[in-house]
1. Report the FRET efficiency, 1/(1 + (r/R0)^6), for residue B:297 and residue B:58, where r is their Cβ-Cβ distance and R0 is 35 Å, rounded to 0.05.
2. Could you work out the local net charge near residue A:101, counting Lys and Arg as +1, Asp and Glu as -1, over the other residues with Cβ closer than 15 Å to its Cβ?
3. Mind checking which lysines have their Cα closer than 30 Å to the Cα of residue B:128? Skip sequence neighbours fewer than 8 apart in that chain.
4. Out of all DSSP beta bridges in chain B, what portion is antiparallel? Express it as a percent rounded to 5.
5. Rounded to the nearest 0.05, what FRET efficiency do residue A:121 and residue B:170 have when you use their Cβ-Cβ distance and R0 = 41 Å?
6. Taking θ as phi - 60°, what are the ³J(HN,Hα) couplings along the range B:5-16 by the Karplus curve (6.51, -1.76, 1.60), each to the nearest whole Hz, with x for Gly and Pro?
7. List the pair-distance distribution P(r) of the range A:206-245, using every Cα-Cα distance, as the percent of pairs falling in each 10 Å bin from 0 up to the bin containing the longest distance, rounded to whole percents.
8. Quick query: amide H of residue B:37 versus all other amide H atoms, modeled in the peptide plane; which residues come in under 5 Å with a sequence gap of 5 or more or a different chain?
Amino acid sequence: MSRGAWLISRLLQIVPTFLLIGLAVFVLARLLPGNAVMAMLGDRGTDEAVERMSHALGLDQSIFVQLVGFLEGVMSGRLGDSLAFRIPVTRLIGERLPVTMMLTGMATLFALLAAVPLAFVAALNANRWPDLVIRGIFQVGLSSPIFYVGLVLLTVFAAWLRWFPVGGYGDTLWERVYHLFLPAMTLGLSFAAIVMRNLRASILGVIHAEYVDFARAKGLRARVILTRHVMRNALIATVTLVGLQIGSLLGGAVITETVFAVPGVGRLMVDSIFARDYPVIQALTLVLAVFVSLAFLVTDIVQMWLDPRVGR
Amino acid sequence: MSLLSVENLHVTFSTPRGPVHAVDGVSFGVGAGEVLGIVGESGSGKSVTLRAIPKLLHANATVSGTVRWRGEDLHAMDDARLRAVRGGQVAVVFQEPMSALNPVLPIGVQIDEVLTAHTQFDAAARRKRGIELLGLVGIASAATRLGQFPHEFSGGMRQRAMIAIALAAAPALLLADEPTTALDVTIQDQILKLLLRLVGELGMALVLVTHDLGVVAETCDRVAVMYAGRLCETGTVHDVFLRPHHAYTHALLRSMPGEGAARSMLVPIPGQPPRIDAPVPGCAFAPRCTFTEARCATTRPALVAMADGHESACYAAARLGSEIAA
Ligand SMILES: Nc1ncnc2c1ncn2[C@@H]1O[C@H](COP(=O)(O)OP(=O)(O)OP(=O)(O)O)[C@@H](O)[C@H]1O
Ligand SMILES: [Mg+2]
């Protein structure tokens, strides 16, 4: 199979993936314990009201009609209205999603900026003091829960030093970066620790490879050996890990956004769960699952670009 | 003066299970246009010796002794000078063709980087030289092959690609560790002929590690026989093969099937090579030797000149006589 064919088949894979995600979300929403409509209406759940609402939501129709209707709605971008905010779910998520994207994007950037160079420093000084210091610090980062790290950063940098705001978001790009700085640090810390450990291990695996010795035997500069022969091969394993971590990063965003009062989809998810805002929960699950599978797609493409053996 | 001289080389690996004395006092020299064969059983320290020369061993290896390149102490060179020697003047062909090429870089790039490091060629000239090199080692449709990755090459082609890379900057010395093991007989011949042509025409020196005494007989001027990290005997191929002065060489030649010479692989001698984690006080070969005397087990025999250019470390040298009537 050629690489082009591999790429096309990988892209096509996304279609059944999305269908399955849609199906899973649909089924899960109907597996929720108790009657969703009753739960939504709470105290106002008179028989009549329940019936009216069930009819409005199409819940009185057969399951297949509901499924087709649901999938049609998803395709055409009609995901219903939020029960709590009384606006279309798509608009609500459209406003909140960019905030979370920016937060996770910044967190990923911070994590990689810290983890990649430090992994090299640690690996090249394996078991000597720079390695021990770096690993020690990241070990602490890895074992501290996100909300705790967030509170510590808030206390020190926002409350005491007043370098950063305690929460919220902003209007201009710069303001937003400024507001999301501490949250992104918080969210990125454990991610950085995971990437650092993994990359350090793969560098140590690669650095004693025969082809690296052969590169030394060629009389290449240390920098060339490191970037061309060591880094590229070490990154192949780590890229997969980074991709797989996107899911947990989104999980972490839920907590981070709550601690720092960031108006993203993470907090929206929490609020919606408490408010039993089913249309929002359902749509968010859908959007986040699609986002994660797109992240996997990008990971695979980067992987293909780094490793010529993929897809041949 | 020899191009390369190795004096009293010792290599000790520190391993979790204690030190391993892989190379234990090896000395030899190679002159321009000369071909030295290094033979010995598996584990006798041939590859480690070869890697120690351009300082390719890792931090777990303690290396002592002197390695001189054109009279200059190679292990005392600064980084820039060492880089210029490695690949530019002293090139290496590794034993494992499957793992010595970088899996994520096209073969062309892996040749090109040697030329970039050691020549003034521009990109077009480097590409031309790359095609020429692959052709030289017998890889067809070289221009296409330059863009391919190692996994698209067969084992034999990888080995030839590695030889092409080593030869790229026209080194003055090639250290080749079993360069023809993965090749079939015809291609093996072709590669050896190519190397001998470079030796003859360009005066390249060649150190050839091999298991194959037939190859040594056909291609080498001189031979060094190693056993358990030690040098047993060196001399011209003619002298050593016809009149071995070391009991191990003697046994080795006798263990060859048929009438010596043509293309015979080493057949192991009964018994096991010694463990090299504890230094043996006497001769390492003594336990398997049929010529032993009392001092063999207690006092290590020194490498002494037996005849002009023929050295051996064996107390029984004189008693071996002319038993090899090849
Ligand atoms: N990096 C290392 N760490 C520890 N021991 C090593 C290392 N490299 C080699 N050795 C040991 O040194 C000894 C000599 O190994 P070497 O590879 O030089 O043998 P060889 O003569 O090339 O054998 P072969 O013919 O099988 O290639 C062996 O006992 C081997 O186990
Ligand atoms: Mg070897």
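1. Details: r = 34 Å, r/R0 = 0.97.
Using R0 = 35 Å, I get an efficiency of 0.55.
2. Values: positive: A:96, A:176, A:267; negative: A:95, A:257.
Net local charge, residue A:101 excluded: +1.
3. Straight-line reach from residue B:128, under 30 Å: A:218, B:193.
4. Details: 32 of 50 bridges.
Counting only bridges with both partners in chain B, antiparallel ones make up about 65 percent.
5. Values: r = 38 Å, r/R0 = 0.92.
With R0 = 41 Å, the Cβ-Cβ based efficiency is 0.60.
6. With coefficients 6.51, -1.76 and 1.60, one gets 10, 10, 10, 6, 6, 10, 10, 10, 8, 8, 10, x Hz.
7. Pairs per bin, as whole percents: 31, 44, 20, 5.
8. B:208, B:221, B:222, B:223, B:224
Read the figures in this text as sums done on the coordinates, not as results from a lab. The structure displayed is predicted, hence computed values, not measured ones. Positions of Cβ are backbone-derived with ideal geometry, glycine not excepted, and every protein chain shown enters the neighbour counts.
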